[in-house]
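Okay, structure first, notes after.
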Amino acid sequence: MAAEAGKVDPMHQFTIEPLFGTDHWAIAGHNIAFTNSALWMAITAVVLWLFMLGGMKRALVPGRWQMAVESMTGFIDGMLSANVGPAGKKYVPYIFSIFMFILFANLLGLLPLGLIGVHPFTFTSHFTVTGVLAILSFSIVLIVGFWRHGLHFFSLFVPHGTPWWLLWLIPFIELVSFMVRPFSLALRLFVAMMAGHVLLEVLSSFVINSTNAGAGFGLAIGVPSFILMIAICALEMLVAAIQAYVFALLTSLYINDAENLH
Amino acid sequence: MPQIAQIAATYASQIFWLLLIFGAVFFVIGLGMVPKVQSTVDARDKQIAGDLAAAEQARKDADAREEAYRAKTDANRAEALKVTQAAKAKGIFDSETALAKADAEIADTVSAAEARIKAASDAASAGIETIAAEAAQAMVARLSGANITPAQAAIAVKAALANG
C-alpha cells in the first residue's frame, strides 16, 4: 500500500492506525484508542450479525440464507458431537462464535477493497488478537477441566498405557505439550494469515515494480506474478476457512480432554 | 513487523476491543441467535420424524385394513358359496319331493279313473243285458205272440251274449 519512492513495504498493511480516542481513552493508564483493527473487529461482528439475521426467520421450510446459517450451526454442532460427544452441546455457542468470528475476519481481510482506497485490515494477523482468543479457549479448557475433575485433571498428563519406568518422563512431556497449546493455537492463525498477506503484497510489488521498470520486465515478471497472485488469492480464501476450522477443531479437541478425561 | 514494533503502544487497545467485540459476538450471536437457529433445526427434524412416523403408521393401518378386507371378502365368498350350494341342494330335494308327490297323485288319479271306467263298463254291460232281454221279450212277443217271462229272456240273452 505504501509505495514510497517506488518501494512497497509488505509489512505496512499490518500497521495499526488509531482512528480516534488516542489522547484520553485509557483504562488504568493503558491507551485503548479505537484503531483500524478495532474498526475491522466491529465490521466483522456486524457482518456476522447480519449473516445470522438471515437464520432468524425460523421458517419450517428454510430459504437459501436460512439454510446457509443452519448449515454453519449444524457444522459446529456436528464437530462438537463428533469430538466431545453429547457433553459438547453446551460449547456450541462459544465454538460457533470463535469459528465464525475468525472466518469472517479472515475473509473480510481478503476483500479487494484496496481498489477503492480502503485498507481491509486483517486483525487475525496480529498475535495480540489471536493470543487473546487462544487464551480464552485455553482458559475454558482449564476451567472446565478443574471444575469437572478437580485435581484429578492432572491425570491428563499420564496417558493410558504409560509404562511405569517412564512415569518420571511422560508427565513432563505431556505438561509441555499441554502448555504449548495456547501458543500453537495463537501462532498458527497469526502466522498463516500474515504469511498469506505478505505473499500477496510481495507479489503485487513484483507486478508494480517490474511494470515500472519497462514493458519487457512487466511481461516477463509482472504477468506471471499477477497470475500467481490470482491463484494465491484462491488459496488464501481456502486458508482463511481452514485456519478458522483448525482453531475451532483444536479448541473442541482440547475441550474434549477437559470434558472426557481419558 | 508492526505486530512486534507496535506491541507496547497497541496491546491494551487490541485486547480491550477484542474482548469487548468478541464478548458481544459471543453473547448476542453465540448465546442469543445460535440456540434459536438450532431449535428451529431441531423442531424441523422432530416434525419430519413425526410426519414419517405418522406416515408409517398410516401405511400399517392401510395394510391391516386391506388384510381385514381381504379376509372378509374371502369369508363372504365362502359363505356365499355355502348358501348357493345349500340352496341348490334344497332346490334339488324340493323338486324331487314335489315330483314324487305328483307321481303318487297321478298314480292315484289314474287308478281311480280306471276303477270308475271299470264300474262304468260293468254297469254298461249290465244295462245291455237288461235292454237286450227286454228287446228279446218284445221281439218274441211280436214274432210269435208267445209271452215269455223276463227271466227266460234274460237267460236267453245271457246265453247269446256268452256265445256271441
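The values are calculated or read from the model by the stated rules, or taken from the named source; none is laboratory data. None of these values were measured; they are calculated from a predicted model. Reconstructed Cβ throughout: ideal geometry from the backbone, glycine too, with neighbour counts over all protein chains shown. When the accessible area is computed, the model is the full protein with side chains, heavy atoms only, and any ligands, DNA or RNA have been set aside. Shrake-Rupley method; radii C 1.70, N 1.55, O 1.52, S 1.80 Å.
Quick rundown of the values:
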{"read-out": "Unique match (being in contact (Cβ under 8 Å) with a residue 24 or more places away in the chain and open to solvent by less than 100 Å² (accessible area, probe 1.4 Å)) among B:A87, B:A132", "value": "B:A132"}
{"read-out": "Residue match in region A:229-250 (condition: surrounded by 16 or more Cβ atoms within 10 Å (Cβ to Cβ), over 30 Å from A:M79 (Cβ atoms), at pLDDT below 95 and within 29 Å of the chain's Cα centre (by Cα))", "value": "yes"}
{"read-out": "Test: A:A68 is closer than 30 Å to A:H197 by Cα and open to solvent by 20 Å² or more (accessible area, probe 1.4 Å)", "value": "yes"}
{"read-out": "Count of region B:32-48 residues which are more than 7 Å from chain A (Cβ to nearest Cβ), open to solvent by less than 60 Å² (accessible area, probe 1.4 Å) and over 30 Å from A:T130 (Cβ atoms)", "value": "2"}
{"read-out": "Hey, B:F22 under 20 Å from A:I16 (Cβ atoms), open to solvent by 30 Å² or more (accessible area, probe 1.4 Å), assigned to a helix (DSSP H, G or I) and within 7 Å of another protein chain (Cβ to nearest Cβ) or not", "value": "no"}
{"read-out": "Count of region A:115-153 residues which are more than 19 Å from A:V180 (Cβ to Cβ), of a type in the set (G, A, S) and modelled with pLDDT of 90 or more", "value": "1"}
{"read-out": "Test: residue in region A:155-167 that is touching a residue at least 40 places away in the same chain (Cβ under 8 Å), over 30 Å from the mean Cα position of the chain (by Cα), open to solvent by 50 Å² or more (accessible area, probe 1.4 Å) and more than 14 Å from chain B (Cβ to nearest Cβ)", "value": "yes"}
{"read-out": "Residue within region B:11-19 that is more than 8 Å from chain A (Cβ to nearest Cβ) and either in contact with a strand residue (DSSP E or B) (Cβ under 8 Å, 6 or more places away or on another chain) or in a helix (DSSP H, G or I) (or both) present", "value": "no"}
{"read-out": "Test result for B:I29, within 14 Å of chain A (Cβ to nearest Cβ), closer than 30 Å to A:G63 by Cβ and in contact with a helix residue (DSSP H, G or I) (Cβ under 6 Å, 6 or more places away or on another chain)", "value": "yes"}
{"read-out": "B:A68 vs. criteria assigned to a helix (DSSP H, G or I) and within 33 Å of the chain's Cα centre (by Cα)", "value": "yes"}
{"read-out": "Filter result (small (G, A, S) and more than 11 Å from chain B (Cβ to nearest Cβ)) within region A:119-138", "value": "A:A134, A:S137"}
{"read-out": "Qualifying residue in region A:215-222 (condition: in contact with a Pro (Cβ under 8 Å, 6 or more places away or on another chain), open to solvent by 70 Å² or more (accessible area, probe 1.4 Å) and at pLDDT below 90)", "value": "no"}
{"read-out": "Yes/no for A:L115 being closer than 18 Å to A:A45 by Cα, in a helix (DSSP H, G or I) and open to solvent by 50 Å² or more (accessible area, probe 1.4 Å)", "value": "no"}
{"read-out": "Residues of region A:129-147 satisfying the condition of being aromatic (F, W, Y) and either in contact with a strand residue (DSSP E or B) (Cβ under 7 Å, 6 or more places away or on another chain) or open to solvent by 30 Å² or more (accessible area, probe 1.4 Å) (or both)", "value": "A:F146, A:W147"}
{"read-out": "Lone unmet requirement of (1) away from chain B (no Cβ under 11 Å); (2) open to solvent by less than 50 Å² (accessible area, probe 1.4 Å); (3) in contact (Cβ under 8 Å) with a residue 60 or more places away in the chain; (4) assigned to a helix (DSSP H, G or I) for A:G150", "value": "(3)"}
{"read-out": "Test: residue in region B:55-66 that is open to solvent by 70 Å² or more (accessible area, probe 1.4 Å) and farther than 30 Å from A:L60 by Cβ", "value": "yes"}
{"read-out": "Residue that is least open to solvent (accessible area, probe 1.4 Å) [pool: residues in region A:12-58 that are of a type in the set (S, T, Y) and without any contact (Cβ under 8 Å) to a residue 60 or more places away in the chain]", "value": "A:T35"}
{"read-out": "All positions within region A:71-118 that are polar (S, T, N, Q), facing chain B (nearest Cβ under 10 Å) and within 12 Å of the chain's Cα centre (by Cα)", "value": "A:S97"}
{"read-out": "Residues of region A:32-54 satisfying the condition of being farther than 21 Å from A:S125 by Cβ and within 7 Å of chain B (Cβ to nearest Cβ)", "value": "A:W49, A:M52"}
